[in-house]
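Worksheet: one structure, shown below.
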Amino acid sequence: MGKILCATRGGEASYRTQDAAIALARERGDELLFLYVVDIAFLNKTERAVRPDVVTAEMEKMGEFLLAMAQERAQKQGVVAGYILRHGDLGEELKAAVRDQHATAVVLGKPAGDESVFALESLQAFAAEIEAETGGQVYIL
Amino acid sequence: MKQNVILRRLLPALLSLGLALALWYGLSLTVAYTEGRQVSLTGRVIDRHGEPVRGAKVSLVLNGHPFGAGAANEPAPPLAESQRDGTFVVDLPAEEVGAIEALVLEISRPHFKSLQWEAGDDEIARLNRGESLRLPDMELSRRMTVGFWVATLTFVAILVLIALEKLHNTMAALLGVAIILGTTFVGGAVSPDLFIFDFERALEYVDFNVIFLVMGMMIVIGVIEETGIFQWLAYQSYRLSGGRAWLLVTILMLITSVASALLDNVTTMLLMTPMTIQIALAMGITPLSLLIPEVLASNVGGISTLIGTPTNILIGSYAGLSFNDFLTKLTPGVLLAQVALTVYVLIRYRKQFLVRGGELSEALLNRLRESGRITRPAKLRKAGLIFGVMLLLFILGERVHLVPAVTAILGAVAMLLWVTPDIESMLKVVDWTTLMFFISLFIVVGSIQEVGLISIITGVIGRLVGSNLTMAILVLVWSAAILSGVIANIPFTAAMLPVVGSLTRTIPGASNQVLFYGLSIGSAMGGNSSLIGASANLVTAGIAERAGYRITYVEFFKIGMPAMIITVAIGTLWLFIRF
């Protein structure tokens with residue numbers, strides 16, 4: 001049995017990717033893990049005093065809420081899913097999670113309009129990088 | 001009889017002797033006075049806008065020779081320097097001066113053309129009689145040096161780097177300081193035209209009232225924010241709203257507005273945003289329909305107090321406006337703007353607020369409840385008490401000349417001693433990067449003041465508005481509002497303070513400081529017009545993006561620009577009513 005890692009955030013665009021990952025897990029009988037990465041790099045955009053530890057704690061709560069929503073979504077579709085939460089840069093943490101969890105497949109969301117952070121070309125390049133570095137198969141769905 | 005004769009002869013002799021003695025004594029007194037006396041030349045140095053010029057060196061050429069110089073071919077050393085109000089006093093000891101035949105006063109200052117003033121016959125005669133002179137105002141003309149362009153381009157580059165997010169704000173400001181002081185010390189040695197200002201003068205521009213107030217509030221907020229109060233308030237709004245989105249957004253806007261006024265809008269949004277996203281998801285509505293109204297309300301609400309925004313802290317310190325001044329002269333206008341903003345938001349998002357989402361599972365509801373609880377109740381009680389006392393001191397302290405910076409420091413120390421008595425925590429909550437940003441910014445803004453850029457801007461605005469106060473308010477508020485949407489409002493406000501100060505002194509009727517309140521309204525409310533207009537917008541967008549909800553520049557502009565126009569219009573109207 002393999003292990004599928006699905007990097008997720010939340011929002012309408014993520015639901016589509018989550019559903020695709022859930023369907024893939026059901027089809028292959030694989031274990032499904034949702035991943036949320038807490039990244040507070042946006043704090044650099046402010047010149048004002050902020051406490052990264054307090055912001056991180058709030059982002060963790062939000063991340064866990066979003067992961068729990070994804071977990072419930074999987075449960076409703078008959079798939080038991082777990083989740084992990086990491087801190088740092090999304091790209092690096094995703095690769096590290098694949099290695100740490102011995103994931104056999106990674107599901108990434110296909111860019112869709114304004115909601116996407118990545119362009120398709122850069123996402124494909126990133127997928128190739130993950131495959132080369134970790135050996136896991138990447139699906140862009 | 002014989003006695004009478006003696007007295008009759010003696011009396012004139014005594015009187016004559018007395019007179020002679022008196023004359024001799026009087027004469028000797030005059031001589032003594034003349035020997036120890038000094039005459040003074042007092043005057044004032046101004047620029048062509050009538051603004052006092054500080055730091056102008058005054059030297060003297062007396063009877064064709066540089067006064068005080070070791071040799072005739074040496075330049076005259078400065079005898080006095082003009083003060084903050086432009087005044088100077090040159091004292092001339094009579095015994096050193098001797099008889100004056102010709103007197104020329106030389107006034108020089110970097111970034112100005114040197115000026116010579118020659119005493120006329122009448123003035124020389126008065127000086128020779130031992131009279132001091134009050135000289136006419138000495139008007140210096142600006143000179144655009146290479147240093148002017150270095151300082152100006154550095155300031156513009158900082159604004160661009162911050163706006164384009166190419167460098168961290170503090171790094172950009174520090175780079176500016178390095179360029180300005182480097183040019184002064186390295187370039188100034190090569191050519192005097194590269195001199196901007198020396199380090200001592202640079203430090204004079206740093207407003208330590210602002211630094212201590214920001215630092216004190218930083219510690220206070222740092223302690224309060226870890227208690228979970230913001231998250232609890234957001235959760236209570238959700239409960240109170242009973243699933244009605246329009247009511248929820250109204251309550252959330254009110255909370256963010258008040259929290260931003262009393263604490264800080266960036267902190268408020270940083271802590272409210274994650275909770276708001278969870279609430280929106282729980283209610284099945286798009287989080288952006290709650291987040292954007294919240295951040296708009298936060299930017300408007302922050303203006304109502306002295307401590308609500310850094311721009312108000314800057315304005316309050318520069319113009320000497322107290323906590324109560326903001327409370328009585330600006331808060332009612334902000335409340336009106338807030339009401340109008342809420343109505344606008346309810347109309348703008350009416351469709352989204354009618355959507356009803358699915359039921360949330362018990363597990364997710366429990367998570368939401370858990371996220372919205374007070375995490376440190378004991379700490380909150382203590383911190384709340386201290387903050388309450390601080391608010392009282394902000395309001396009442398004015399009567400005993402207790403400046404806000406001192407109140408903030410007192411509150412911060414109380415927090416650290418009573419609530420978080422831990423040196424590690426103390427160092428953690430003070431954001432030295434922010435303090436460095438302010439210090440560097442003051443120096444950079446000081447440099448453009450020194451080289452005359454501020455004077456040029458003042459002149460342009462002065463010509464545009466003339467002596468019309470209404471026009472001045474309109475131009476200032478709306479230009480500040482529009483510019484704050486594209487450039488960082490803290491450097492902008494810092495640069496505008498001396499401009500507004502000058503206009504306040506020269507425009508009839510502006511002495512009630514109305515233009516400073518106008519700057520506050522324009523620079524803070526203007527931040528609502530674009531995503532990059534305020535730090536609170538950027539951090540909100542940053543968190544929303546990490547939850548999968550991207551706030552694009554266009555989307556924010558479509559909602560924020562009308563909000564800005566509505567609130568600034570009401571703010572302007574308030575200024576006309578109140579002043």
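General observations
- Of everything in the stretch A:104-141 that is part of a loop (DSSP other than H, G, I, E, B) and touching a Phe, Trp or Tyr at 6+ places or on another chain (Cβ under 8 Å), the residue that is modelled with the highest pLDDT is A:Pro111.
- Matching entry among B:Ala173, B:Ala178 (being within 14 Å of chain A (Cβ to nearest Cβ) and within 18 Å of B:Glu450 (Cα to Cα)): B:Ala173
- Of B:Ser447, B:Ser440, all but one fail to be touching a Leu at 6+ places or on another chain (Cβ under 7 Å), buried (at least 21 other Cβ atoms within 10 Å of the Cβ) and not acidic (Asp, Glu); the exception is B:Ser440.
- Qualifying positions in the stretch B:274-302 - closer than 15 Å to B:Ala544 by Cα, more than 14 Å from chain A (Cβ to nearest Cβ) and out of contact with any Leu (no Cβ under 7 Å at 6 or more places or on another chain): B:Ile292, B:Pro293
- If you check B:Ala378, B:Ala383 for being loosely packed, with under 13 Cβ neighbours inside 10 Å and among the small types (Gly, Ala, Ser), only one passes: B:Ala378.
- Unique residue being within 18 Å of the chain's Cα centre (by Cα), in contact (Cβ under 8 Å) with a residue 24 or more places away in the chain and at the interface with chain B (Cβ under 7 Å from one of its Cβ atoms) when the list is A:Leu66, A:Leu24, A:Leu32: A:Leu66
- When A:Val38, A:Val98 are checked against the criterion of being farther than 29 Å from B:Met217 by Cα and under 14 Å from the mean Cα position of the chain (by Cα), A:Val98 stands alone in meeting it.
- Of the helices (runs of 4 or more DSSP H) lying entirely inside the stretch B:466-579, those carrying at least 3 residues that are within 23 Å of the chain's Cα centre (by Cα) and away from every other protein chain (no Cβ under 12 Å) are B:469-484, B:489-506, B:514-525, B:553-578.
- Of all residues in the stretch B:48-62, at least one satisfies being at positive phi, touching a residue at least 40 places away in the same chain (Cβ under 8 Å) and not charged (D, E, K, R).
- Number of the condition not met by B:Val249 [criteria: (1) among the β-branched types (Val, Ile, Thr); (2) crowded, with 24+ Cβ neighbours inside 10 Å; (3) free of Cβ contacts under 8 Å to residues at least 24 places away in the same chain]: (3)
To keep it simple, each residue is scored yes or no on (1) crowded, with 24+ Cβ neighbours inside 10 Å; (2) out of contact with any helix residue (DSSP H, G or I) (no Cβ under 7 Å at 6 or more places or on another chain).
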{"position": "B:Ser523", "(1), (2)": "yes, no"}
{"position": "B:Gly542", "(1), (2)": "no, no"}
{"position": "B:Arg550", "(1), (2)": "no, no"}
{"position": "B:Ile565", "(1), (2)": "no, yes"}
{"position": "B:Val568", "(1), (2)": "yes, no"}
{"position": "B:Leu573", "(1), (2)": "no, yes"}
{"position": "B:Ile577", "(1), (2)": "no, yes"}
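- The selection criterion, being part of a helix (DSSP H, G or I) and farther than 29 Å from A:Ala13 by Cβ, does not hold for B:Ala297.
- Condition met for B:Leu270 (surrounded by fewer than 24 Cβ atoms within 10 Å (Cβ to Cβ), within 34 Å of the chain's Cα centre (by Cα) and farther than 17 Å from B:Ser529 by Cα): no
- Selection from the stretch B:235-273 of residues that are within 14 Å of another protein chain (Cβ to nearest Cβ) and part of a loop (DSSP other than H, G, I, E, B): B:Leu263, B:Asp264
- Selection from the stretch B:274-288 of residues that are crowded, with 23+ Cβ neighbours inside 10 Å and assigned to a loop (DSSP other than H, G, I, E, B): B:Pro287
Matching residues to (1) at pLDDT 95 or above; (2) within 30 Å of B:Pro491 (Cβ to Cβ); (3) in contact with a Phe, Trp or Tyr (Cβ under 7 Å, 6 or more places away or on another chain):
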{"residue": "A:Asp39", "(1), (2), (3)": "no, yes, no"}
{"residue": "A:Thr46", "(1), (2), (3)": "no, yes, no"}
{"residue": "A:Lys61", "(1), (2), (3)": "no, no, no"}
{"residue": "A:Ala70", "(1), (2), (3)": "no, no, yes"}
{"residue": "A:Gln77", "(1), (2), (3)": "no, no, no"}
{"residue": "A:Asp89", "(1), (2), (3)": "no, yes, no"}
{"residue": "A:Ala96", "(1), (2), (3)": "no, no, no"}
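- Criterion: surrounded by fewer than 24 Cβ atoms within 10 Å (Cβ to Cβ) and touching a Leu at 6+ places or on another chain (Cβ under 9 Å) - qualifying residue of B:Leu341, B:Leu346, B:Leu364: B:Leu364
- Selection within the stretch B:400-429: residues that are modelled with pLDDT under 85 and crowded, with 19+ Cβ neighbours inside 10 Å. The member of this set that is nearest to the other protein chains (Cβ to nearest Cβ) is B:Val429.
- Among (1) more than 28 Å from the chain's Cα centre (by Cα); (2) over 15 Å from B:Ala297 (Cβ atoms); (3) surrounded by 21 or more Cβ atoms within 10 Å (Cβ to Cβ) - the single one B:Gly242 does not satisfy: (3)
- Any hit, the stretch B:546-553, residues being outside the structural domain of B:Leu153 (by TED's automatic domain parsing), under 30 Å from B:Leu153 (Cβ atoms) and at pLDDT below 95: yes
- Taking the listed residues B:Leu127, B:Leu174, B:Leu164, B:Leu140, the one that is crowded, with 20+ Cβ neighbours inside 10 Å, at pLDDT below 90 and either under 20 Å from the mean Cα position of the chain (by Cα) or not β-branched (Val, Ile, Thr) (or both) is B:Leu127, with no other qualifying.
- Meets criteria (more than 11 Å from chain B (Cβ to nearest Cβ), in contact (Cβ under 8 Å) with a residue 12 or more places away in the chain, farther than 20 Å from B:Thr276 by Cβ and not hydroxyl-bearing (Ser, Thr, Tyr)) for A:Ala41: no
The values are calculated or read from the model by the stated rules, or taken from the named source; none is laboratory data. Treat the numbers as computed from the prediction; the structure is a model and nothing was measured. Counting neighbours? That spans all protein chains shown, and the Cβs are built from the backbone with ideal geometry, glycine included.
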